[in-house]
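The values are calculated or read from the model by the stated rules, or taken from the named source; none is laboratory data. Note that the coordinates shown come from a computational prediction; the quantities given were computed from them, not determined experimentally. For neighbour counting, all protein chains shown are included, and Cβ atoms are generated from backbone atoms with ideal geometry for every residue, glycine included. Heads up: the accessible areas ignore ligands, DNA and RNA and are worked out on the full protein's heavy atoms, side chains in. Shrake-Rupley method; radii C 1.70, N 1.55, O 1.52, S 1.80 Å.
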Amino acid sequence: MLADDSALRGRLVLRGRAATGTARRPAAVRRRGTTVPRPPRGTGSKGGSNLRRLYEQIRRAWDRPLTAYYLILGSALLITVLGLVMVYSASMIKALELSLPASYFFGKQFLAAVIGTVLLLAASRMPAKLHRALSYPLLAGTIVLMVLVQVPGIGVSIGGNQNWISLGGPFMLQPSEFAKLALILWGADLLARKHDKRLLTQWKHILVPFVPVAFLLLGLIMLGGDMGTAIILTAILFGLLWLAGAPTRLFGGVLGFAALVGFILISSNANRMSRLQCIGATDLGPQGECWQAVHGIYALASGGWFGSGLGASVEKWGQLPEPHTDFIFAITGEELGLAGTLSVLALFAALGYAGIRVAGRTEDPFVRYAAGGVTTWITAQAVVNIGAVLGLLPIAGVPLPLFSYGGSALLPTMFAVGLLIAFAREDPAAKAALAMRRTVLGKGAGVRWKTMGRRVKKRPSGER
């Protein structure tokens, strides 16, 4: 009887503690100073698990062998297509001012894009040996054309720069644009052959004859007064020297010499000095020397987040000079807003990253130098153009690659993009992935063909 009373009393006490929330806890929890092991953060959370899964998927996709291939192809095509749209929008008023059809500049740019696409496809299918074989004829032909530009009656002066050759009718050719591609291919082949012979450890083999030929091209360009193209060619020169492993003292010496020559050329020309003084300008200046720079800022500022709408730019109505060439980025900001300009920047960043990835993952020295040179060319020219529009750099008069109006600039740039695509395809891992994809697609097509063959029933001869 007593045992039954004590058991009943114990059950009542436990029920009371449970009701008041003072039930006895396990020892590991009850003791002060001890911690209960908790599950890892996110294991009990569905959102955390999904984020980790998404991160892993993005990381695996980013590390795939064909990532660089798709980035180069996709970003280049998107930049070109968006550039065609903006060229049409930005050049309509200019064409009407010249009593031309509204689609005049767009038609010429579209034709250049079609030819450039053919060049891109051809370059993407060429082996590296053929690219190396083309480097010397391309360099020699470019030098001859750049000399012909200075011959009276053959060369044509536009905007104070004599860098053009008339091809008849409305078509013009600027040979200095092809000098960038020629220097990259020839320089990459030269440095690769010296790399194979282990000669790049000596400074004279790094400099000669690469630097003298580059200075020859720079001199021919500067005879025509095109400072912007000379800046881009200098950037390509330093990019290739850096990739070749030039010593710091040698690299600094060449850089200092180029800076000195550039300072002399800028200070000796009033127009170039005025451009230098317009960096960060907020007023037009006493004689309107900063008109283009200030109105470029006006165009960007009036665009807002999403722009005024495609075709609704105000600055292209005679306020902003060169709206479809050097300052097309400003019109893009006015019509498409910050979202449009950031999209263009993201596409160029993706193209630059993919080019660096191709150059960094190859074992072929020619591919490394050529891919690095093309990437330096496109990114440096984009930085110079966009920096000038933003008022951070002097106006150099260079087009935005693949985006601005100008067939002479578009054709070699699209061929250079084809080079990057060819190099990305030649990567062993990418080549294996492409071969596997073709095999899988071929097998899938065969299965579908056989399946369709089994599904077709024989009909009587008289049945239709």
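Quick rundown of the values:
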read-out: Single residue of Glu315, Glu289 found to be without any contact (Cβ under 8 Å) to a residue 24 or more places away in the chain, in contact with a His (Cβ under 8 Å, 6 or more places away or on another chain) and of a type outside the set (Lys, Arg); value: Glu315
read-out: Among residues of region 394-418, those that are among the hydroxyl-bearing types (Ser, Thr, Tyr), at pLDDT 95 or above and part of a helix (DSSP H, G or I), counted; value: 1
read-out: One residue from Gly187, Gly224, Gly239 being buried (at least 21 other Cβ atoms within 10 Å of the Cβ), in contact with a Gly (Cβ under 8 Å, 6 or more places away or on another chain) and modelled with pLDDT under 90; value: Gly224
read-out: Of all residues in region 419-432 being open to solvent by 30 Å² or more (accessible area, probe 1.4 Å) and not in a loop (DSSP other than H, G, I, E, B), the one that is nearest to Ala281 (Cα to Cα); value: Arg425
read-out: Members of region 381-393 that are farther than 13 Å from Lys180 by Cα and either open to solvent by less than 20 Å² (accessible area, probe 1.4 Å) or part of a helix (DSSP H, G or I) (or both); value: Ala382, Val383, Val384, Asn385, Ile386, Gly387, Ala388, Val389, Gly391
read-out: Conditions (1) within 21 Å of Gly360 (Cα to Cα); (2) modelled with pLDDT of 75 or more; (3) open to solvent by 30 Å² or more (accessible area, probe 1.4 Å): number failed by Ala61; value: (2)
read-out: Selection status of Ile297, open to solvent by less than 90 Å² (accessible area, probe 1.4 Å), β-branched (Val, Ile, Thr) and either modelled with pLDDT under 85 or under 17 Å from Met227 (Cβ atoms) (or both); value: no
read-out: Qualifying residue in region 101-121 (condition: outside any loop (DSSP other than H, G, I, E, B), at pLDDT 95 or above, touching a Gly at 6+ places or on another chain (Cβ under 6 Å) and more than 16 Å from Ala312 (Cα to Cα)); value: yes
read-out: Test set (1) of a type in the set (S, T, N, Q); (2) in contact (Cβ under 8 Å) with a residue 12 or more places away in the chain; (3) more than 26 Å from Ala230 (Cβ to Cβ) - Thr201 fails condition number; value: (2)
read-out: Residue count, region 141-174 (criterion: under 21 Å from Ile395 (Cα atoms) and either among the hydrophobic types (A, V, I, L, M, F, W, C) or at pLDDT 95 or above (or both)); value: 2
read-out: Answer residue from region 300-347, given it is closer than 22 Å to Ser103 by Cα and of a type in the set (Phe, Trp, Tyr) and is most open to solvent (accessible area, probe 1.4 Å) among those; value: Trp317
read-out: Tally, over region 274-294, of residues that are among the hydrophobic types (A, V, I, L, M, F, W, C) and open to solvent by 60 Å² or more (accessible area, probe 1.4 Å); value: 3
read-out: Boolean, Gly74 is touching a helix residue (DSSP H, G or I) at 6+ places or on another chain (Cβ under 9 Å), at pLDDT below 80 and open to solvent by less than 40 Å² (accessible area, probe 1.4 Å); value: no
read-out: Scope region 160-174; condition part of a loop (DSSP other than H, G, I, E, B) and in contact (Cβ under 8 Å) with a residue 24 or more places away in the chain; matching residues; value: Gly160, Pro170, Phe171, Gln174
read-out: Residues being crowded, with 16+ Cβ neighbours inside 10 Å and small (Gly, Ala, Ser) - total across region 149-180; value: 3
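Table: residues versus (1) part of a helix (DSSP H, G or I); (2) crowded, with 24+ Cβ neighbours inside 10 Å; (3) under 11 Å from the mean Cα position of the chain (by Cα).
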residue: Leu351; (1), (2), (3): yes, yes, yes
residue: Phe366; (1), (2), (3): yes, no, no
residue: Ala370; (1), (2), (3): yes, yes, no
residue: Thr379; (1), (2), (3): yes, no, yes
